[in-house]
Structure formats: C-alpha cells, structure tokens
Number of protein chains: 2
Amino acid sequence: MSLIVTGSIGIDTIHTPTGQAPDVLGGSAIYFAAAASFHGPVRLVGAVGDDFPAELEAPFNHFNIDLEGLEKRAGSKTFRWTGKYLDNMNDRETLSVDLNVLAEDSPPVPTSYTDSQYVFLANSHPGAQMGLRAQFPSAKLVVADTMDLWIDTAQDLLKDLLKQIDGLVLNDSEAHLLTGETNIVKAGEDVLAMGPKFVVIKKGEHGAFLLHKDGAVALPAYPAREVVDPTGAGDTFGGGFMGHLASTGDLSLDNLKRAMAAGTVVASYNIEKFSLDRLLEIGPADLQAREAQYANMLKVR
Amino acid sequence: MSLIVTGSIGIDTIHTPTGQAPDVLGGSAIYFAAAASFHGPVRLVGAVGDDFPAELEAPFNHFNIDLEGLEKRAGSKTFRWTGKYLDNMNDRETLSVDLNVLAEDSPPVPTSYTDSQYVFLANSHPGAQMGLRAQFPSAKLVVADTMDLWIDTAQDLLKDLLKQIDGLVLNDSEAHLLTGETNIVKAGEDVLAMGPKFVVIKKGEHGAFLLHKDGAVALPAYPAREVVDPTGAGDTFGGGFMGHLASTGDLSLDNLKRAMAAGTVVASYNIEKFSLDRLLEIGPADLQAREAQYANMLKVR
C-alpha cells in the first residue's frame, strides 16, 4: 500500500487525574502512522527541530514507518504541547503550546512520495493542507482532519479544501461548530453538501458516526475499563481507519465500516498507556483478536 | 408471556425547539407498556385520577395492554408533567410537576397478576418498588428503573432494592451519581457489586451499555435524523428490552444483547413524533425491518 500522512510530531507533557508523563513522544502524525503501520508501511511527512531527543526516535524505527519525509530542521525547535485531562478523562485543557517548527514552512514532500494513493492530511491549517493535497495528483483517497481553531479562523479555506478531498474526519463538537447542527445525521449531511464523499464524526468514548451517500453507520467505542491517557485516540482511530482502507483498496460503505472498526480497536489499545507505549507492545494478532471480540459484541442477531 | 409493569401514567405538556404538545398521554408505565406490547400482552399497574380525559384512554386499548391493574381513583387527580427540551434535544428542564395520585398509596396489584414472571418496576420511590417486588414471588426476572432523586434522597432503600432484583436500568449521569465512577465499565461493576445480575446504562443519543458477569456490551443508538420528542425514549427502550426477554424466555448474555437492540429500535421510533403518536402508527413488521437494518449496520466483519 502507499499510505502517507502529513502532520505534527511533538513532545508532549500529559497530566491525568492519576499520573503524568513529561516530555513524551506525541503529535498527530506519529500517532496516526504508528496505528496505520499495523496494516503496512506508512510514509510520514513532518518536521522536528534539532532539539529532538534521540531517545524519542526509537518508536519511529519500531513501527513500519518510512522516514524519508521526516525533516530534522537545523535552528528550529520541536512542537511542544502540555495538556491536562479532567476527572472524566474526556475533557482536557491545554496548559501550554509552543508551535515552534509547526509555525514555519511545511516540510517538503519527497519526490518519491508523490505517487501516494492514500493520503491523510492530519490536522493543520487548511491552507497548508491544500498545498499538500496538490502534491498527490494520483491519490485514490484523500482524507483530512481539522479542528475548532480552523473552523473559527479559516473557515473559507477549509470549505475550499472540502471540495478537494474525499473524506473529512472531525469530532462531534467540531461538526456542530462547522454546520450549526446538533443532530449528528443532519450535521453529516451538511458536511457532505460541502464536498466530501463521506464524513466521520468522532465521539470519543461514545464511538464514531459515518455518513456516506450510501448510508449512515454509528458504532460504539470498545468498552474501556482502564483509560490511562486519551491523547492520540482520534489520530490512532484515523490511522487504523486509513490503514485498513489502504491495505484492502476497497472504498465501499461496507469496507468503510470495517475501517471504522479497525480504527476503534487500535484507539482502544492506544489509551491504555501514556504516549505510544501501548502500541509499542502490541502486534497485528492483538488487533485481530480484539477486532473479533468487537465484531462479536456487535452481533445482535 | 406474563410481563408486568408498574409505574406512572400522566398527562404531559411538552415543549421542544420546534413545537409543543399540550396535555398528551405520558408516564413511564404507558410508554413501557406500549413498546413491550409489540412482543405480547402486557399487564399494567398504575393509577390515574378521576380527571383523566376519556380521549387519552384510546391508546390503552390500541396496544395489547391488560388494564385490570389500571385504577381510576375517585377524588384524586392524575400526575402531570410539563417539560422543555433544549436545542440539543438531549437536555431538558422540568417546568412543572404535580405528583397528585403518585403521592398517594400505590394502586393495588390484582390477584390475577401475582403469577407474573417478568416484572419491570418503572421509576418510583425504592420503598414502593420493594413493596411491589414482594408481590411477585414467582418472578423469573425483576428489573427496576430509578432516578437521581432517589439516589440523592433514598439511597439506602435503593441499595436494599438492588439486593432483591435481577437487573437495574438507569442513565449514565445516574450511574455516575450512584457509584461516583465516571468510567462506565467501572460504574457498571460497582452496580453489580450492589446485587443485581446485570445493569443497563442508557446514554440517550449515544446508545446503551450492558454489564453482566459474562461480559460487557456497548451498542449505539439507531441514527435518528428527525427527533421530534425524546420523552419516553428510556421507557420505550425498557419496554422493548423486557418485551423481547419475556417473549423469548432466554436470559443469556447473547439474548440480553438482542433485547437491547429491540429496545434501541422501538425507542428510535418513539422519538419521531410527540407522545405515543408514532408507536400508534407502527406494528411488529416495522420493528423487525428496522431491527434488521440496525443489525446490518453493526455487522463489521
């Protein structure tokens, strides 16, 4: 498969009600890439600064990630984020954010990547996402993530982007912000009217909703007894989703649904430990076992 | 099947962002009974006052409800509730409530009902629920609903009740209030430690969660594009759930899951119109068609 992700790589400091993890590996692209890599090789385009610690590079090599597109920019500093989860483990506060290299020019896309067929534009400025999108002329599937910040500050550009992509992934509060609709089906319809062929609305512990011209799918989250660190849940969902699609090459509604299940399951592992620690421990067999359990849970007749 | 429900019958006035319905039929027992009656006859124990309008009695006869236990109490007034749904159609405010006959003695259980095998104690004071529970010595399955008011004001009695029943149905905020747990799996475990064999935690538009010693099940709500009136969603879920169990007689985890699906689907119809208007229009074939659609939506491999 030729799956590529463009997005952030950062150093996170995470506080939860039961613990904390200082200076750990994070960022949307690395969570996505790790999750997708269980399905095959993943190309990554992202930048870190020359302050990026060598010990945080180990996961890049553990997972099946092509690092030609990873730029270590001299004279720049790595993106840093510090966040705190509230008691319910769903709501979080950003305590500090240093964009650093993310505020500079996007890293270049290697020429060898321009034939990528499956493209995931992880959350960044929609203008930057459009610039990246244009570099993959032979893409079979382009999916983007976004966030409230761009809906508030760059909505026109975001709507331009929506005309150029196949799928949008966003969370429920963002879908409400973008469309004004509280009903998730109507919010999904409004997003489809903006251009994409499908939209996935993520609901955290309540699962995910897909709307496509051929139908609607609501799936629950995998029941998680121990949630240690929700960071990256949405990004790993996206990675499992796109990894499944890229490895199967089937864009039917039925297969989009199986892709949601793959995303749901890999995200359920990711939240069991801080940072990427849990994904570093598991392999495809663990994912398949939990996917079978999840499918069986959902067998209602 | 011998399924009985005890609970409220009332006159509701409902305000939503798009309309209102003054003086319509409501109450937990009637919503439950209507939904359950698609699976077979339902016995109902409840009381109204002598002010109860004849035109609200029609639904009692439309559905397969045994009315021997319906008391029309001379000199008393019917329970009345006025509520207003907020823009998201999930949160609601109670504008006024007149307990009336609900604040008086419980209606008597007819002798012919004491052999009931499937018993649903719809939300009322846990002391009253215990008094009712004792009148069904040969019950095969007793399930109760409760609410925040009793968790706050009669928790000791509620915990006594929990030792005498097989299942508890409550919503997620109530489960949090009862156990102090925000994680739904742990909240469920805490409820099971209080006595019942299973607990169903209702999450409104986000579906429902079941915990049983043999496993956990999370199911999504049926995606609803038009929500006109959420009143009775939880009660009709309970009715579909118990109706399925009473008509099949199978209390395995797999069948509890199918019962959740039956509850989910009948609740999804109920919210499409005010009061019981939508349930008055449909029949078992409609439920079966949507159940098949729901099961197909959840088929992820």
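Residues that are part of a helix (DSSP H, G or I), without any contact (Cβ under 8 Å) to a residue 24 or more places away in the chain and surrounded by fewer than 23 Cβ atoms within 10 Å (Cβ to Cβ) within segment A:171-188 comprise A:His176, A:Thr179, A:Lys186, listed in sequence order.
Looking at this structure, is B:Ser247 farther than 30 Å from B:Thr82 by Cβ, more than 9 Å from every other protein chain (Cβ to nearest Cβ), hydroxyl-bearing (Ser, Thr, Tyr) and surrounded by fewer than 24 Cβ atoms within 10 Å (Cβ to Cβ)? Even if it seems obvious, please write down each step before you answer.
Details: farther than 30 Å from B:Thr82 by Cβ: yes; more than 9 Å from every other protein chain (Cβ to nearest Cβ): yes; hydroxyl-bearing (Ser, Thr, Tyr): yes; surrounded by fewer than 24 Cβ atoms within 10 Å (Cβ to Cβ): yes.
Yes.
Looking for something touching a residue at least 12 places away in the same chain (Cβ under 8 Å), closer than 24 Å to A:Gly232 by Cα and polar (S, T, N, Q) - is there at least one such residue anywhere in segment A:159-170? No, because not a single residue in segment A:159-170 is touching a residue at least 12 places away in the same chain (Cβ under 8 Å), closer than 24 Å to A:Gly232 by Cα and polar (S, T, N, Q). Scanning segment A:275-301 for residues that are part of a loop (DSSP other than H, G, I, E, B) and either facing another protein chain (nearest Cβ under 10 Å) or β-branched (Val, Ile, Thr) (or both) returns A:Ile282, A:Leu298, A:Lys299, A:Val300, A:Arg301. On the stretch given as segment A:212-250, residues that are in contact with an Asp or Glu (Cβ under 8 Å, 6 or more places away or on another chain) and among the aliphatic types (A, V, I, L, M) total 4. Only one of (1) part of a helix (DSSP H, G or I); (2) touching a strand residue (DSSP E or B) at 6+ places or on another chain (Cβ under 6 Å); (3) touching a residue at least 60 places away in the same chain (Cβ under 8 Å) fails for B:Ala34. Which number is that? Failing condition for B:Ala34: (2). Filtering segment B:133-151 to residues that are closer than 24 Å to B:Met1 by Cβ, of a type in the set (A, V, I, L, M, F, W, C) and over 16 Å from the mean Cα position of the chain (by Cα) leaves B:Ala134, B:Phe136, B:Ala139.
In the list A:Asp115, A:Asp105, which residue meets the criterion of being part of a loop (DSSP other than H, G, I, E, B), over 18 Å from the mean Cα position of the chain (by Cα), under 30 Å from A:Gly75 (Cα atoms) and among the acidic types (Asp, Glu)?
A:Asp105
Residues that are modelled with pLDDT under 95, within 10 Å of chain A (Cβ to nearest Cβ) and surrounded by fewer than 18 Cβ atoms within 10 Å (Cβ to Cβ) do occur in segment B:226-236. Among the residues making up segment A:208-219, those that are facing chain B (nearest Cβ under 8 Å), free of Cβ contacts under 8 Å to residues at least 40 places away in the same chain and surrounded by 21 or more Cβ atoms within 10 Å (Cβ to Cβ) are A:Phe209, A:Ala218.
The values are calculated or read from the model by the stated rules, or taken from the named source; none is laboratory data. If you're wondering where the values come from, they're calculated on a predicted model, not measured in any experiment. When we count neighbours, we look across all protein chains shown, and the Cβ atoms used for this are built from the backbone with ideal geometry, even at glycine.
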